[in-house]
Amino acid sequence: MITDRRATMRSHRPRKRFGQHFLSQAWASKVVAAINPAPGDVFLEIGPGKGALTMPLAAFGAPIVAIEIDRDLASDLAGRVPRNVSVVTGDVLKSDVIPYLSGLEPQRPPELSGYKPAARRIRIVGNLPYNLTSPILFRLAELQSQHQMFYDATLMLQKEVAARQAARSGTRDYGVLTVTMQVHGTLKRGLDLPPGAFKPAPKVQSSVVQLIFGPPPVKIGDPRQFLRVTKAVFSQRRKVLSNALKSVTPRPAEALKEAGIDPRRRPETLTLEELARLAQLCGQSPIQRPEGD
């Protein structure tokens, strides 16, 4: 049976529609070191593939929910993992992973005198397919907004996407993805991975990023309205703000004036504070003026 599974893994051809690039074991060890598993950790792994990260993480004894869209890979991995790993066949963009995670508790050693269990931390790890990176990141942000249950996410991304996440306002890379990630926590860039770290080798370099989830750095009244306004603003990057906001408010000029923002500015110049203030004002109908004006 083991021989059959090994033969299956050797014969598995990476599928372009799933964006499969399998991490080598040597680089997987470096990524696991960057993840730095600790007592109390519970992991959600996105796209475990052949188990390059799954198996070394499982060796720490941490409970792992690994969601894999490729049925063949999921079936093979399910037959090889230890008991602390649950392999789920599904699409992370569509599957409800919360029930799988809610009941998991960190492994506890035999009761010892004075032993104090470590606090549970639900952590996300994954080698994300390049063609689905942004949708997956938005999905994780959505889940965190709804459930507030994740500690961090350590992910392998295309290097350019990693740069966009860490971009500052006023730069070309600053956009919806940047804003969405930065309102959910603090981003740290880790090691860069060359194309040769994967098989087949992609045509681009990759980076490991860690998003440590936390409260928004600015006050956001309605997260959905904030995202709606942010998407509207950046969907028309070449337009000035007064034109870009027409899809979310009938009074863009008035909203901008109330927010103290020059209507001639470009979307990428807006700070998180300005976007939050603008989203709040665009959600009011009509725009409420302070008394005495």
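Below are the figures for this structure:
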read-out	value
Residue in segment 163-176 that is surrounded by the fewest Cβ atoms within 10 Å (Cβ to Cβ), counting only those that are in a helix (DSSP H, G or I) and out of contact with any Lys or Arg (no Cβ under 6 Å at 6 or more places or on another chain)	Ala163
Single unsatisfied condition, Arg172 versus (1) modelled with pLDDT of 90 or more; (2) under 30 Å from Arg224 (Cβ atoms)	(1)
So Gly47, is it touching a strand residue (DSSP E or B) at 6+ places or on another chain (Cβ under 8 Å), surrounded by fewer than 17 Cβ atoms within 10 Å (Cβ to Cβ) and at pLDDT 90 or above	no
Residue satisfying condition, being touching a helix residue (DSSP H, G or I) at 6+ places or on another chain (Cβ under 7 Å), closer than 30 Å to Ala26 by Cβ and not small (Gly, Ala, Ser), within set Val233, Val218, Val248, Val209	Val209
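The values are calculated or read from the model by the stated rules, or taken from the named source; none is laboratory data. Fair warning: this is a prediction, and the values are worked out from it, not measured in the lab. Quick reminder, even Gly has a Cβ in these numbers, built from the backbone with ideal geometry, and neighbours come from all protein chains shown.
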